[in-house]
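Below: the structure, in structure tokens.
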Amino acid sequence: MEKDILKIHGRTRKEFGLPPVAPDSSTGIECSMCVNGCRIAEGEFGYCGVRQNTGSRIVGPDENWVYADWYHDPLPTNCVADWVCSGSKDHGFTNLAIFYEACTFNCLFCQNWHYRERKTKTKAEDLLRAVDATTGCVCFFGGDPTPFVRHSLKFAEQLRERRRKLRICWETNGSISPDLMERCVDLALVTDGCIKIDLKARNEHLNIALCGTSNANTLLNIELCAKSMTKREKPPLLVVSTLLIPGYIDETEIRSMAQFLSSVDPDIPWSFLGFYPHFRFNDMPCTAHQQADMALSIANSYGIKNTHLGNLHLLQ
């Protein structure tokens with residue numbers, strides 16, 4: 001069954017020139033940046049489609065350039081963490097939103113799937129110049145920041161060197177290697193930023209069905225970030241979000257997520273997001289009010305009090 005599911009994912013990826021599966025070449029070089037652990041043969045690309053084996057070394061986006069678009073978003077803004085972030089009070093300032101154009105997952109319901117059609121090569125210095133006197137925070141998202149983590153870490157460190165008080169945040173599927181996530185956590189902590197991890201599913205098989213790959217690192221990184229939550233009470237370091245996909249994120253799955261999060265730390269803020277049909281799930285209905293109410297009730301029953309419901313306008 002899982003092989004058939006991966007074949008479906010492979011077909012959706014070939015349309016955009018992406019590797020159908022995570023490469024596992026016996027003669028390849030391992031890229032240890034994310035959960036996929038690609039072993040990339042000479043001249044081939046990793047699952048993300050941007051990291052390549054060239055001349056027996058992994059090359060691609062780094063500290064100097066990335067595939068990304070960016071814009072200034074007036075604060076307060078529609079952010080996954082806006083309900084717990086102090087940035088919601090920063091009227092007159094903006095969020096520098098850096099949208100990376102690649103991902104380590106292949107979500108069939110992707111809300112931002114158009115990044116697959118773009119490759120906007122952007123110099124790091126141009127993004128750095130985009131930080132101006134009205135910039136109150138920087139958020140790395142996409143796609144996903146994982147294939148571009150070297151740039152985001154360098155960017156954050158450069159802003160620290162400028163002694164500017166800017167919140168630095170990452171919004172991610174959590175697939176990044178835990179050793180790299182630790183560096184993101186350190187920078188988010190000292191800048192009053194947060195790590196926003198999208199928990200697609202608790203069950204690994206369901207995560208593979210929906211997203212094409214494992215959620216092992218996602219779960220590990222939620223635990224990793226949670227360990228540092230006591231170092232700063234406000235704003236919370238970690239915020240978890242879950243898209244309420246009808247028929248998939250059902251009562252059983254929500255209970256499993258709630259059990260996991262409450263065992264890690266019941267104080268983790270958890271945001272449920274209303275689903276809108278997109279990409280290969282464009283024939284699906286929007287999230288029902290009943291499903292959203294059920295999610296909030298289950299979270300509460302497991303002692304998770306800091307919950308939130310986003311995209312209320314999408315609920316049916």
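Look at (1) 10; (2) 16; (3) 26: the one that is percent of Cα pairs over 38 Å apart derived from this structure is (1).
Which links in Lys7/Lys123; Lys165/Lys196; Lys7/Lys227 stretch past 28 Å when you go from one Cα to the other? Walk me through the numbers on the way to the answer.
On the way: Lys7/Lys123 36 Å; Lys165/Lys196 20 Å; Lys7/Lys227 38 Å.
Listed pairs above 28 Å: Lys7/Lys123; Lys7/Lys227.
Loop-located GluC sites (Glu not before Pro) in segment 1-77 (DSSP state not H, G, I, E or B) with no more than 14 neighbouring Cβ atoms inside 10 Å: Glu15, Glu42. One chain, two ends: Gln158 and Arg11. Fully extended at 0.36 nm per residue, the span grows by 48.9 nm beyond their Cα-Cα distance.
For the chain, modelled as a Gaussian network with Cα springs under 10 Å, which listed residue fluctuates most, Gly55, Gly247, Gly46? Of Gly55, Gly247, Gly46, the Gaussian network model singles out Gly55 as fluctuating most. Within segment 208-316, the GluC sites (Glu not before Pro) that combine a DSSP coil assignment with at most 10 other C-beta atoms in a 10 angstrom radius are Glu233.
Each Lys and Arg Cβ is given +1 and each Asp and Glu Cβ -1; about its Cα centre, the chain then shows a dipole of about 500 debye. Separation of segment 183-223 and segment 21-72, taken as the distance between their Cα centroids, equals 20 angstrom. Using a Gaussian network model on the chain with a 10 Å cutoff between Cα atoms, which of Tyr67, Tyr47, Tyr302 fluctuates the most? Highest fluctuation of the listed residues: Tyr302.
Computing FRET efficiency as 1/(1 + (r/R0)^6) for Glu44 and Arg183, where r is the C-beta to C-beta distance and R0 is 35 Å, gives about 0.80.
For the chain, modelled as a GNM whose springs connect Cα atoms under 10 angstrom apart, the maximal fluctuation among His205, His114, His72 occurs at His114.
Counting other beta carbons within 10 Å of each Cβ, put Ile176, Ile8 in order, fewest first.
With the sparsest Cβ surroundings first, the list reads Ile8, Ile176.
Within the same chain, lysines fewer than 8 places from Lys3 are excluded, and of the rest, those with a Cα less than 23 Å from its Cα are Lys14, Lys200.
Computed across segment 20-140, the Kirkwood radius stands at 16.4 Å (inverse of mean 1/r, all Cα pairs).
Projecting the Cα atoms of Leu244, Trp83, His72 onto the charge dipole of the chain, computed from C-beta unit charges around the Cα centre, puts His72 farthest toward the positive end.
Every read-out reported here was derived from the displayed coordinates using simple, explicitly stated rules and does not represent laboratory data. Note that this is a predicted model, so its numbers are computed, not measured. So basically every Cβ, Gly included, is an ideal-geometry build from the backbone, and we count neighbours across all protein chains shown.
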